Every structure is written in C-alpha cells, then in structure tokens.
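The values are calculated or read from the model by the stated rules, or taken from the named source; none is laboratory data. Source: prediction; values computed, not measured. Ideal geometry is used to build each Cβ from the backbone, glycine not excepted, and the neighbour counts take in all protein chains shown. The accessibility values were calculated without ligands, DNA or RNA, using every heavy atom of the protein model including side chains. Shrake-Rupley method; radii C 1.70, N 1.55, O 1.52, S 1.80 Å.
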Amino acid sequence: MSTPLALSSSSLTAPVDQGELNGFCGLIEAMGITKCAQLIADFGIADALDEVPATAAEVAARTGVNANALVRVMRYATTFGVFEEVGAGQFHHTVRSRLLRSDHPQSLRGSMRLVGPAWTLFGALDHSMQTGRPAAEAIVPGGVWEWLSASPNRAQIFDEAMSSKTRGDVAALLSAYDFSQFRSFADIGGGQGYLLRTVLDQVPEATGTLFDQPAVVESARERLGNRMSAVGGDFFKDSLPRAEAYFLMQVIHDWDDEHVLMILRNIRSAAPPQAKLLLIELLLLQNTQSARQGYLPPWARFMDFALLAFSMGRERTRSEHEKLLDASGWHLERVVRTESFQWILEAVPA
Ligand SMILES: C[S@@+](CC[C@H](N)C(=O)[O-])C[C@H]1O[C@@H](n2cnc3c(N)ncnc32)[C@H](O)[C@@H]1O
C-alpha cells in the first residue's frame, strides 16, 4: 500500500538541474513562436516567397515590411519549421511555411491570423481569472460577437479563420462519415459555408441551407454553390430550416449550458422525425495525455482554455454532451472519431 507523499519544505525548494531550467524557458518562449507565426501570416510573407529561394530583403521588398525586422522574424521561424535557411541568407519553403500561404488547398493562414484578435482578448484574461466571465466582456460589454461585428476587418479575420479551420478538418470528416445517406442539410452557425459546400460537392443529389447571423450570411452569399441557400437569423429565437441532417460545428462550445439547450431545442423543433443532428466538436478526454507528437498538450485542452477569453463556452466531455442532448429532446446514437481533432456526435430525435 502506498503512503501519501508528504512534501517537506526541503522538497518544495530543492534545486532542479539546468536541463529543467532550460526546458522551463519553453513556457515563456511559446508566446514568441505564436506571435512570430502570426506576423508571417498577417503580412503575407509565405505568399511572397515562391519556389525560388529568396533573401529576407527580397521578400521585404515584395511585402513592404522592414528588411531588418523580417530577417530576424524569418530566422526565428526556421527554428520551428517555418521556412528553411539555405545558403547565402536565402530562405526556402517548408511544409509549414506552405501551409501559411493563401493558395494552399489546406491553408491554415486564416487560422493563424486569428491569433491577432485572440492576442488582444488574451491580454484581458485577468478579468476571467477574477470573475469567471469571458475576457471579451472586459473589452466590449456585449462580448465577442459584438466585438467582432464592430470591426469589419476583425469579423473578416474571424470568418476566414473558421473556414481555414474547417478546410483543415474536412477531409477527415468526409472519410469518417457517410454523408451520402442525406438529401438535405442545414448548417446552423455554419459561418462562410465551407463545410456545407464541400459536403454538397460529395453528394450531388443533395441541397443545403446555411444559417448564421445576417452579416455573416451576407458576406458568404457570393460563395454559395447552386444547390445552396442562405438564411440570416438568430439561432436562439428564429425558426430554423427543415433538413434531413443538421450540422452544428464548433458552435455549442461557444456557449454555456443554458444557451446550448436553447440552440438544441430550437433545432429539435425544426427537425423532421427522421432527422439527424451532427455535432462536430472537440471532446475533452479524461486523461490528459496528448495524442499529438512531442510536448504539445491536447488541442481540446488548449481550446477549453482559449474559450475563457472568447465566451462563456467551453469544451465538453462525451457525457456532458450526452446530458445536454438528452435534456433537449435528442438522443446520442454514436460518436465517431476522425483523424482531425474533431469528433462527430450523431444524435436523433428522442
Ligand atoms: C465558432 S464559429 C463556427 C463556424 C462554423 N460552424 C465552423 O466550424 O467553421 C460560430 C458561428 O456561430 C455564429 N453565431 C453566433 N451567434 C449566433 C446567433 N445568435 N445566431 C446564428 N449564428 C450565430 C457565428 O457567426 C459563427 O459563424
């Protein structure tokens, strides 16, 4: 039988070796990695480098940034795999730097650009620590959605980040789930409609309705495919489209339980009896072991932390999702793992 470890003050203050001290610096440096990658995304640095290696001065001339700053940014970026420095101060693309290009089919540039607004929100996290309320409320009383809609530039960065995130996930969703069983889809809080468009490309007989806030839907309108329609409204109170399958991707993680129940009940009242609800969310797993390579913590833990800054939402476990579904007239039938960080929780009317 093991005895509880009694920590004496000497074990609390025992010296650690130099390796631990050096490793600890990684916790401080993480901010530099993120900020550096965001600068590269924001200033279009990866877009300005083509297949021919170029010096930082050449890339600076193409992008209008300061050459002395850029060489330091690019050199630092090479240490975490974004660009590679080849001979004579010239930089070359790597897999990671290509993912920061706008024209890459799996581009994550939009997701990285969201670090800019998130940086501002993280700066107000003291407010969350003291009150448990979103940091965004310390910036704008109406919270994150009001803060985003107050600035077209910020709103555009956010919407593009959502499309970028979905672009990174969509192949994994398509290979994990058979969407061809449905003839109509509604994507509730579907942002720019990237998921819906991609699924409709795979299911040529189906039609789809994008539902989101009016301004978001307006900005998505020109990208709608010909089997897609769009409805602007409020998913808490407006009536929702009728469809065989409902997507709700990374929407309920933005809200506390009370608001989640309102959304789920509203979809339930619109849904025909045979409909399916597909919640696409991260899942908090009980163990905190990372499924990712190296030292990185699980993405769902990071997102759960980040949501403190954005909203009253949070990431949830499978059983927390199940309880919310049960309480709103849905029954969780199965949970499908995908190769991305997303899971598909399939629910049917109870
Ligand atoms: C985290 S984003 C997810 C977007 C998209 N489903 C995706 O995964 O890419 C949440 C979405 O909910 C929408 N939203 C927030 N409040 C809403 C409301 N009251 N009514 C309708 N949509 C809303 C936002 O505009 C945003 O597009």
Identify the single condition in (1) of a type outside the set (D, E, K, R); (2) outside any loop (DSSP other than H, G, I, E, B); (3) more than 13 Å from the ligand (Cβ to nearest atom); (4) farther than 24 Å from Pro272 by Cβ that Pro141 does not satisfy, given that it satisfies every other one.
-> (2)
Determine if the stretch 78-92 includes at least one residue that is surrounded by fewer than 18 Cβ atoms within 10 Å (Cβ to Cβ), among the charged types (D, E, K, R) and assigned to a helix (DSSP H, G or I).
-> no
Does Ala155 meet the test of being surrounded by fewer than 19 Cβ atoms within 10 Å (Cβ to Cβ), at pLDDT below 95, assigned by TED's automatic domain parsing to the domain that holds Phe122 and within 19 Å of the chain's Cα centre (by Cα)?
-> no
Condition check for Ser180: open to solvent by 30 Å² or more (accessible area, probe 1.4 Å) and either farther than 23 Å from Leu99 by Cα or within 8 Å of the ligand (Cβ to nearest atom) (or both) = yes
Filter pass, Leu174 being within 11 Å of the ligand (Cβ to nearest atom) and either in the same structural domain as Val260 (by TED's automatic domain parsing) or more than 21 Å from Met112 (Cα to Cα) (or both) | no
Selection status of Gly225, without any contact (Cβ under 8 Å) to a residue 40 or more places away in the chain, farther than 23 Å from Arg268 by Cα and in the same structural domain as Ala275 (by TED's automatic domain parsing) | yes
Of the residues in the stretch 236-251 that are under 17 Å from Gln192 (Cα atoms) and near the ligand (Cβ under 8 Å from one of its atoms), the one that is nearest to the chain's Cα centre (by Cα) is Gln250
Is the stretch 111-128 home to any residue that is open to solvent by less than 60 Å² (accessible area, probe 1.4 Å), over 21 Å from Leu39 (Cβ atoms) and part of a strand (DSSP E or B)?
-> no
Restricting attention to the stretch 315-330, the residues that are touching a residue at least 40 places away in the same chain (Cβ under 8 Å) and on the phi < 0 side of the Ramachandran plot number exactly 8
Would you call Gly168 under 24 Å from Gln106 (Cα atoms), outside any helix (DSSP H, G or I) and within 15 Å of the chain's Cα centre (by Cα)?
-> no
Options Leu325, Leu264; residue that is closer than 23 Å to Ala186 by Cβ, modelled with pLDDT of 95 or more, crowded, with 20+ Cβ neighbours inside 10 Å and more than 16 Å from the ligand (Cβ to nearest atom) = Leu325
